[in-house]
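Below is one structure, written out as structure tokens, with a few remarks after it.
The values are calculated or read from the model by the stated rules, or taken from the named source; none is laboratory data. Treat the numbers as computed from the prediction; the structure is a model and nothing was measured. Quick reminder, even Gly has a Cβ in these numbers, built from the backbone with ideal geometry, and neighbours come from all protein chains shown.
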């Protein structure tokens, strides 16, 4: 079973390196562009700087999503 990630109009195999621009990465992460820029400024998310351009490696984004996942039943939220 091959894992694939959808980007724009096609699909990119997860084994293939792919750099996304800010708009593509924000859409992939389902966050606003300003939120993504905030994470970059805070150094919360990995990015690639190419001259003045920011790029995001698809593998890094997937890793960021996995490490940010909150498992059900885990402590961290308290009912008030």
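Some values worked out for this structure:
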item: Unmet requirement for residue 67, which otherwise passes all of (1) exposed (fewer than 13 other Cβ atoms within 10 Å of the Cβ); (2) outside any helix (DSSP H, G or I); (3) modelled with pLDDT of 90 or more; result: (2)
item: Residue within segment 14-24 that is at pLDDT below 95 and more than 16 Å from residue 63 (Cβ to Cβ) present; result: no
